[in-house]
């Protein structure tokens, strides 16, 4: 039995993409799977996956600079056949493992060179230089390792144009059983909007809260990690009395949130890391809403517009357009037959196309090569 070790830095050990989809899919395919993390939590076994923590718990800045030395000892002890790395600071570890004859796969969760260009804490004059240096370094490493997977189509395209080792593995959800009657009853729900996952500065929380401030009976529920100062700023806004910030919640509570909501909201700014106005298949929120049979209000990214236009499962808006967001809410809330149809169409889209089954086949194929 071949062994696979996922090495993660800066992600939760039960991360939806890494643990729920990739690790469990590999286990199901017959691989022995482990995770090596630096989260400082005890070693454990979750659903048959061995999870090991580095002996040294470092502040984030130190890991970014010296991750090789934080992970090296335990990575060598695990002695897996294949290592999948999930953060750019782990690429030096990948080079070391490759020199030792290991198979190394990198999961490009982000377009890091583009991400650096948008780091506001970096001086404007240095961003371009750092971005170019990082891009050149990553490309050198990419040529040495075996494969790069990513949920971002623009990242995969760029890699394949330069190197030819990129595989698109989208962040589509696992399909869970859902009684058709539940979706039929979407139209009878209270006006609850939901947002799930990490709350970013670019996720238009301010615009959404402002949009619901003048809509009777609207409630906005947010489930996911949020910076404390950001939350305090949102709570100070008019309309925040209609908002509930739950923090991170478990999968059972998240499912309950989806099944009591009328609308799923995911409105991001145009970010270089997300392909600017192209958008990405890496944002799993929109696909989770579809799987739960929710009408969607989302950014008018090119990729997302194609989905909405084909399946008629929501409304897209320009980021920051409060009037458009409010209009979309009122359109769905004011026409409950439309809401019901959008919910049915969203679930249909998830079942037919935007689910992990198709992505899993591509993902497992990458590992079966080795």
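The values are calculated or read from the model by the stated rules, or taken from the named source; none is laboratory data. Please read all numbers here as calculations on a predicted model, not as lab measurements. Ideal geometry is used to build each Cβ from the backbone, glycine not excepted, and the neighbour counts take in all protein chains shown.
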TODO: Consider residue 258 carefully, then state whether it is touching a residue at least 60 places away in the same chain (Cβ under 8 Å), over 26 Å from residue 149 (Cβ atoms) and touching a strand residue (DSSP E or B) at 6+ places or on another chain (Cβ under 8 Å).
DONE: yes
TODO: Determine whether residue 66 is surrounded by fewer than 16 Cβ atoms within 10 Å (Cβ to Cβ) and in contact with a helix residue (DSSP H, G or I) (Cβ under 9 Å, 6 or more places away or on another chain).
DONE: yes
Open item on the list: I'm trying to understand the selection: among the residues of region 217-242, which are more than 24 Å from residue 256 (Cβ to Cβ), touching a residue at least 24 places away in the same chain (Cβ under 8 Å) and loosely packed, with under 12 Cβ neighbours inside 10 Å?
Closed with: 238
Task: Condition met for residue 283 (crowded, with 22+ Cβ neighbours inside 10 Å and in contact (Cβ under 8 Å) with a residue 60 or more places away in the chain) - done: yes
- [ ] Just need a number here: residues in region 25-41 that are farther than 24 Å from residue 68 by Cβ and in contact with a strand residue (DSSP E or B) (Cβ under 7 Å, 6 or more places away or on another chain).
- [x] 4
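Okay, residues lined up against (1) in contact with a helix residue (DSSP H, G or I) (Cβ under 6 Å, 6 or more places away or on another chain); (2) modelled with pLDDT of 95 or more; (3) assigned by TED's automatic domain parsing to the domain that holds residue 346; (4) more than 23 Å from residue 331 (Cα to Cα):
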site: 211; (1), (2), (3), (4): yes, yes, yes, no
site: 219; (1), (2), (3), (4): yes, yes, yes, no
site: 222; (1), (2), (3), (4): no, yes, yes, no
site: 251; (1), (2), (3), (4): no, no, yes, yes
site: 257; (1), (2), (3), (4): no, yes, yes, no
site: 262; (1), (2), (3), (4): no, yes, yes, no
site: 266; (1), (2), (3), (4): yes, yes, yes, no
site: 270; (1), (2), (3), (4): no, yes, yes, yes
Open item on the list: Can you tell me which of (1) at pLDDT below 95; (2) within 22 Å of residue 316 (Cα to Cα); (3) in contact with a strand residue (DSSP E or B) (Cβ under 7 Å, 6 or more places away or on another chain) is the one residue 200 doesn't meet?
Closed with: (3)
TODO: Could you list, in sequence order, all residues of region 140-182 that are in a helix (DSSP H, G or I) and closer than 25 Å to residue 279 by Cβ?
DONE: 142, 153, 154, 155, 156, 157, 158, 159, 160, 161, 162
